[in-house]
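The values are calculated or read from the model by the stated rules, or taken from the named source; none is laboratory data. Since we're looking at a predicted model, the values are computed, not measured. SASA here: full protein model, heavy atoms, side chains in, ligands and nucleic acids out. Shrake-Rupley method; radii C 1.70, N 1.55, O 1.52, S 1.80 Å.
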Amino acid sequence: MIFKANYYETFQELLSKHGHQGWWPAESDWEMMIGAVLVQNTSWTNVQKSITNLKEITDFNPALILNTPQKKLIDAIKPSGFYNAKSKTIKELFTLLSKHKFNLIYLNKNHTTNELRNILLSVTGIGPETADDILLYVFNRPVFIPDSYTRKLVAFLENVEFKSLSYQSLKRDLEPSIINQMTLSELQEFHALIDEYGTEFINKSQKYPNVNQFV
């Protein structure tokens with residue numbers, strides 16, 4: 001697929017109108033990773049309730065998170081839904097990280113982006129979007145996250161059917177040009193801006209969103 005839209009210009013328009021978003025909303029890398037798991041199939045409002053609960057019992061100390069009894073972890077994250085599956089994902093993720101002594105700096109220095117992605121994808125319950133969230137906001141890797149809101153925007157700008165755009169096809173075909181146009185901080189902002197204003201303005205009954213709702 002040949003992309004005709006100027007995505008850097010779209011980013012600049014969004015940023016000019018809505019300003020910096022301060023994403024990801026977390027006080028530590030551990031909190032960010034857990035938030036990326038918990039936000040699957042739920043609202044951020046529900047995630048915040050779970051985050052508050054987890055902070056009270058672990059203070060987001062990775063060793064404490066790993067050693068928290070499963071039932072206690074499930075009770076803490078219940079507001080986010082799918083708590084049995086998500087608790088297992090958190091446990092498996094932190095078990096994996098414990099094998100690296102929770103040393104994120106070492107992991108970052110000694111693995112390529114694709115290697116880190118594959119490490120994350122090896123965890124049950126972590127899919128491409130969650131892995132890319134963690135790559136972008138924890139490991140500060142320049143990646144493009146074509147989530148549902150982003151694909152709706154691309155569908156409108158390119159005048160194509162939303163259903164014709166898959167996560168993997170945009171990673172393959174659009175990501176290279178996007179990451180060549182933007183700095184790391186701009187990639188982080190672009191994802192935040194699309195998700196913030198996609199959530200607020202996309203009318204799910206529309207075939208395509210009105211571009212004016214984005215810019």
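For a 28 Å ceiling on Cα separation, which of these pairs sit above it: LYS49/LYS91; LYS72/LYS171; LYS72/LYS163; LYS72/LYS101; LYS17/LYS109? Walk me through the numbers on the way to the answer.
Values: LYS49/LYS91 19 Å; LYS72/LYS171 37 Å; LYS72/LYS163 40 Å; LYS72/LYS101 23 Å; LYS17/LYS109 36 Å.
Going by Cα-Cα distance, LYS72/LYS171; LYS72/LYS163; LYS17/LYS109 fall outside the 28 Å limit.
I need to check one value: relative contact order of region 71-179, counting alpha carbon pairs closer than 8 Å and at least 6 residues apart, in percent.
Rounded, it is 18 percent for region 71-179.
Its relative contact order, with pairs defined as Cα atoms under 8 Å and 6+ residues apart, puts the chain at 25 percent. Heavy-atom accessible area, probed at 1.4 angstrom with all protein chains present, ranks TYR106, TYR8 as TYR106, TYR8, highest first. In the set [x] 1.12; [y] 1.05; [z] 1.00, the label that goes with Cα Rg over 2.2 N^0.38 Å computed for this structure is [y].
Report in % the part of the accessible area of region 103-194 that belongs to carbon and sulfur, leaving out ligands and nucleic acids; probe 1.4 Å.
On the way: 2030 of 3970 Å².
Its accessible area is 51 percent carbon and sulfur atoms.
Whole Å is fine, so just give me how far the alpha carbon centre of region 1-19 lies from that of region 65-81. Between the Cα centre of region 1-19 and that of region 65-81, the gap is 39 Å.
Secondary-structure-derived ellipticity at 222 nm for the chain, considering helices only, amounts to -18500 deg cm²/dmol, per-run term -39500 (n - 2.57) for DSSP H runs with n ≥ 4.
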